[in-house]
Amino acid sequence: MILPEVRDPRLVTIRRGGTLTDEDHRLLALWAAECAEHVLHLFEGEQPSDTRVREAVEAARAWAGGTLPMVRARACGGHAMGAARPLRGAARYAAYAAGQAACVAHVPEHDLGAAAYAIRAVRAAGTGGPGAGRVERDWQRGRLPERVRALVLQDQARRNAICFCAFDD
């Protein structure tokens, strides 16, 4: 579970009663797609013929670019999560990261789901040593657009416990 019981209005779009602008919503989707794409090889190495996960990353970007409706991006996210279900380990978490990234179009707070699952994927791959999750988290933070950086870092602190403690220092 990566969504909080009480929503932060800063992560709810203006049209739904929050304060998040459409521009910032798109930035969150692009960042989530980048987080998911960074670990995509962990899925594709195990499931090279399954395109659903890559399509979810592409859907997040297409939605952010205004060329794909939200409902189609969200559906691609669901398909990527479907690809994850029968798997275990790094490939599973990488697929979930992509699914979460595509679902940012529907609910902005899925951005942390993409990031947290990407961190879990790196940890599960076991190739980066005991600090692999921290290295991935720091890489992700380095990719954060300045415009949403403070918001995401505050949200990581707030939701760390329900995001698998992926953002611990």
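The values are calculated or read from the model by the stated rules, or taken from the named source; none is laboratory data. In this text the structure is predicted, and so the values were computed from the model without any measurement. Cβ atoms come from the backbone with ideal geometry, glycine included; neighbour counts cover every protein chain shown. For the accessible areas, the whole protein counts, side chains as well, though only heavy atoms, and no ligand, DNA or RNA atoms are used. Shrake-Rupley method; radii C 1.70, N 1.55, O 1.52, S 1.80 Å.
Values for this structure:
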{"quantity": "Loop sites in segment 35-105: trypsin sites (Lys or Arg not before Pro), DSSP, at most 14 other Cβ within 10 Å", "calculated": "88"}
{"quantity": "GNM result for the chain, Cα springs below 10 Å: residue of 64, 36, 114 fluctuating most strongly", "calculated": "64"}
{"quantity": "Coil-residue GluC sites (Glu not before Pro) of segment 1-95, DSSP, other Cβ within 10 Å capped at 16", "calculated": "5, 46"}
{"quantity": "Cα gyration tensor shape of the chain, rounded if a/c is under 1.5, else prolate or oblate by comparing a/b with b/c", "calculated": "oblate"}
{"quantity": "Accessible surface of residue 14 - all protein chains present, 1.4 Å probe, nearest 10 Å²", "calculated": "100 Å²"}
{"quantity": "Segment 93-119 versus segment 1-69: alpha-carbon centroid distance in Å", "calculated": "6 Å"}
{"quantity": "Residue 41-residue 15 pseudo-label distance in nm [points 7 Å out on the Cα-to-Cβ vector]", "calculated": "3.8 nm"}
{"quantity": "Gaussian network model of the chain, springs between alpha carbon atoms under 10 Å - residue of 45, 126, 77 with greatest fluctuation", "calculated": "45"}
{"quantity": "Debye, to nearest 20: dipole size of the chain, +1 on Lys, Arg Cβ, -1 on Asp, Glu Cβ", "calculated": "260 debye"}
